[in-house]
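Trainee: Here you go, one structure.
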Amino acid sequence: MIELTDMAVATSVNYRHWAQVEGRVVSHTTDPAARQPRDNGIASVSVLAATCMAADAWATAFMVLGVEAASRLAAAAALGTIFVPSDGTVRSTI
């Protein structure tokens, strides 16, 4: 449980939103540059930000970027994050 004051949290997940296309499982998260579904091995990411809209936007972007690139960007933007890769480990800056 996280108690928040003057902040918001949003979570984006891939483990509940997927489709099976031609025998393979594809993520609902789409890489806009590649115009293809993107699976970076992240089951979920939660982001703490000043507003819920910002937290949601960051969480969605981080699903496309992957843990390493997203972690660097989150640190630069001073965002709190909780990443849960598909292997079930947890990486948190909160």
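The values are calculated or read from the model by the stated rules, or taken from the named source; none is laboratory data. Because the structure is a prediction, the values reported are computed rather than measured. Here Cβ is always computed from backbone atoms with ideal geometry, including for glycine, and neighbour counts include all displayed protein chains.
Trainee: When the stretch 29-63 is examined, which residues are found to be closer than 15 Å to S86 by Cβ and either at pLDDT 75 or above or not basic (K, R) (or both)? Break it down into steps so the answer makes sense when it comes.
Mentor: Restricting attention to the stretch 29-63, the residues satisfying the condition of being closer than 15 Å to S86 by Cβ are 29, 37-45, 62-63.
Scanning the stretch 29-63 gives T29, P37, D39, N40, G41, I42, A43, S44, V45, F62, M63.
Trainee: Right, another one. Go through the stretch 45-94 residue by residue and tally those that are closer than 19 Å to T5 by Cα, part of a helix (DSSP H, G or I) and over 13 Å from the mean Cα position of the chain (by Cα).
Mentor: The qualifying residues number 2.
Trainee: Looking only at residues that are farther than 22 Å from E68 by Cα and part of a strand (DSSP E or B) in the stretch 1-28, which one is modelled with the highest pLDDT?
Mentor: Looking at the filtered set, the residue picked out is A8.
Trainee: Further, regarding this structure: Based on this model, can you work out whether R91 counts as modelled with pLDDT under 85, surrounded by 11 or more Cβ atoms within 10 Å (Cβ to Cβ) and in contact with a Ser or Thr (Cβ under 9 Å, 6 or more places away or on another chain)?
Mentor: Values: modelled with pLDDT under 85: no; surrounded by 11 or more Cβ atoms within 10 Å (Cβ to Cβ): yes; in contact with a Ser or Thr (Cβ under 9 Å, 6 or more places away or on another chain): yes.
Judged against the criteria, R91 is not a match.
Trainee: Restricting attention to the stretch 32-42, which residues are surrounded by 17 or more Cβ atoms within 10 Å (Cβ to Cβ) and either in a strand (DSSP E or B) or hydroxyl-bearing (S, T, Y) (or both)?
Mentor: P37, I42
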